[in-house]
1. Express the Stokes-Einstein translational diffusion coefficient of the stretch 269-317 in µm² s⁻¹, to the nearest whole number, given a Kirkwood radius over alpha-carbon pairs, 20 °C and a viscosity of 1.002 mPa s.
2. Amide H to amide H, which residues 5 or more places from residue 223 or on other chains are under 5 Å from it, using H placed in the peptide plane?
3. Calculate the radius of gyration of the Cα atoms of the stretch 456-539 to one decimal place, then report Dmax, the largest Cα-Cα distance, as a whole number, both in Å.
4. Output wanted: per-residue J couplings in Hz (rounded whole) for the stretch 49-60, from phi through Karplus 6.51 cos²θ - 1.76 cosθ + 1.60, θ = phi - 60°, x for Gly and Pro.
5. Excluding residues on the same chain fewer than 8 positions from residue 485, give the lysines whose Cα lies under 19 Å from its Cα.
6. What is the ratio of the Cα radius of gyration of the stretch 381-539 to 2.2 N^0.38 Å, where N is its residue count, to two decimals?
7. Determine the relative contact order of the stretch 286-365: mean sequence separation of Cα pairs under 8 Å and six or more apart, normalised by residue count, in whole percent.
8. Shape call for the stretch 285-426 from the C-alpha gyration tensor, a ≥ b ≥ c root eigenvalues: rounded (a/c under 1.5), prolate (a/b greater than b/c) or oblate?
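Each reported figure results from applying straightforward, stated rules to the coordinates on display, with no laboratory input. All values reported here derive from a predicted model rather than from experimental measurement. So basically every Cβ, Gly included, is an ideal-geometry build from the backbone, and we count neighbours across all protein chains shown.
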Amino acid sequence: MKDRYDYIIVGAGSAGCALAERLSADRGNSVLLVESGPADKNPFIHMPRGIGVIANPGSKVIWEYDVQTGGNGPSERWFRGKTLGGSSSVNGMVYMRGAPMDYDGWAAAGCEGWDWKSVEQKFVELENHDLGAGESRGGHGPLRLTTHPKGDALFDDIIAAGEEMGIARVADVNNPKTTREGGLGYQPTTRHRGRRESAAKAFLTDAKTRSNFEIATETDALRIEFEGKRAVAIRLRSKDGAIQSVRADKEIIVSGGAFQTPKLLQLSGIGDAALLRSLGIDVVVDAPNVGKNLREHRHTDLRLRVKGNSQNASLSGKRAIVTALRYFLFKSGPMSHAAHEVGGFAKSSDDLDHADLQFGLMSLSSSVDKAGKIGLDPFPGITFVTYFTRPESQGEVRIQSSDPDAPLYVNVNFLSAEIDRKKFVAATRWNRRLAAQPALTKWVEEELLPGPAIQTDEDILANAMSFGGTCFHSAGTARMGTDDKAVVDCRLRVRGVEGLRVCDTSFFPTLVSGNTNGPAMMAGLMAADFILSDHAHSA
């Protein structure tokens with residue numbers, strides 16, 4: 001690692017990888033990409049259902065967090081990717097883009113350039129979809145997308161059950177009409193030929209060969225260093241404990257995600273002044289909203305015992321060995337599946353003018369035994385996973401010490417907004433309506449979760465933390481905006497300083513209607529345009 005570069009990117013996740021590829025494509029730019037975790041060499045990263053191994057406690061490729069859920073709810077263990085590709089290397093590989101109204105809402109709030117038509121171009125540029133190029137869909141980009149194959153009778157009947165509810169069967173669930181009107185279909189995923197298609201694979205495979213581009217893995221960013229109000233260097237710690245300050249002649253871009261980005265900003269003196277002073281950190285910018293506005297989707301699950309076509313048996317006991325061999329020999333079978341085989345959008349009420357629920361099918365089911373261990377059910381089971389797409393509850397991320405190794409305080413404050421509680425109930429009832437359609441009644445033997453005893457709105461909400469969970473879509477903790485409380489401006493520059501930007505889901509003012517992996521990669525392409533344009537004009 002040299003002692004200076006033009007650009008330093010902190011975090012090799014979905015946004016950071018896309019950004020690094022674009023900045024380093026100009027051979028006149030020297031670029032350093034810093035990643036706390038190791039290279040993505042663990043074979044279970046590339047096996048789609050290897051997530052059951054790499055997400056276990058103590059894994060070297062994840063960050064682990066103890067998250068307060070809000071109120072009297074229990075804390076939850078969350079994880080995020082800590083390897084090349086970030087969370088795109090450890091997620092469920094569900095590819096969604098959000099709805100046009102999400103981005104148009106950002107633009108209407110003053111963030112020029114973030115309207116749907118602008119970001120749609122970047123999604124098209126990003127995608128190499130197996131459905132081919134089409135209206136609002138890319139067919140030649142670096143990210144290879146595979147739609148779950150047709151042919152399973154149960155999966156097809158789930159889509160048919162949606163049709164019986166008036167929800168269209170669609171080929172591409174990301175089509176803007178589907179995100180507005182609703183539709184169910186086979187799930188597009190970040191997989192290619194049975195292997196995970198992470199941001200690292202999509203963007204770094206060729207970029208790594210460039211002489212102007214360097215990747216520093218197993219390297220922690222301790223803090224950003226300033227000269228006056230200009231960010232000039234990053235204090236880094238390598239695997240062996242050696243500490244080095246590396247200068248950025250043009251810019252530093254923080255792409256650590258919704259938890260690590262506000263942490264680094266706060267450790268560097270950008271955050272609530274009272275908090276920073278209480279921890280002995282010199283204040284560079286009093287920015288009280290760093291770490292605030294934490295947004296997250298919470299899903300409600302319907303776990304069903306079915307008559308067949310579940311993956312439970314194939315992934316358990318001796319049959320799991322056969323399934324694993326099938327994967328290693330042919331890259332096919334249950335180990336090649338993403339988290340959801342069927343997905344899409346729906347309206348929680350017929351009188352809505354826009355879909356407000358996202359649905360996903362998991363072709364397996366699990367439960368907790370008496371010892372507290374989670375395992376697949378010993379019978380055929382499936383799980384419906386549904387959530388309200390535009391939650392308004394807000395939480396917080398903050399450091400608790402000036403020590404960069406100290407744990408973060410995270411409180412997501414789930415279901416604190418009235419609309420989120422109302423929609424959680426609506427999503428639970430929607431799952432049950434889908435399961436009760438004639439196309440599915442021949443498959444369903446029993447509702448296991450929430451269970452027949454949970455019927456009233458009050459009962460659903462009282463038990464929400466036990467049959468729901470996080471979607472791992474955290475965003476908003478370094479909010480973009482035009483107002484004085486925004487952390488970054490609409491070109492992602494950190495307010496109050498120079499030479500510093502944020503590029504990851506932390507800048508999202510609100511959550512998008514769907515999974516955040518695709519939007520994060522889109523943001524990396526947008527940020528590259530901003531950065532290259534700004535420096536071309538200043539040259």
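1. On the way: Rh = 15.4 Å.
It diffuses with D of about 139 µm²/s by this estimate.
2. 235
3. Cα-based Rg and Dmax for the stretch 456-539 come out at 17.4, 64 Å.
4. Whole-Hz 3J(HN,Hα) from phi for the stretch 49-60: 8, x, 4, x, 9, 6, 8, 5, x, x, 4, 7.
5. 229, 263, 292
6. Numbers: Rg = 20.8 Å, N = 159, 2.2 N^0.38 = 15.1 Å.
Taking the Cα Rg and dividing by 2.2 N^0.38 Å, one obtains 1.37.
7. Working: 65 pairs, mean separation 19.8, N = 80.
After rounding, I find 25 percent.
8. Oblate is the answer for the stretch 285-426, as a/c is 1.5 or above yet b/c matches or exceeds a/b.
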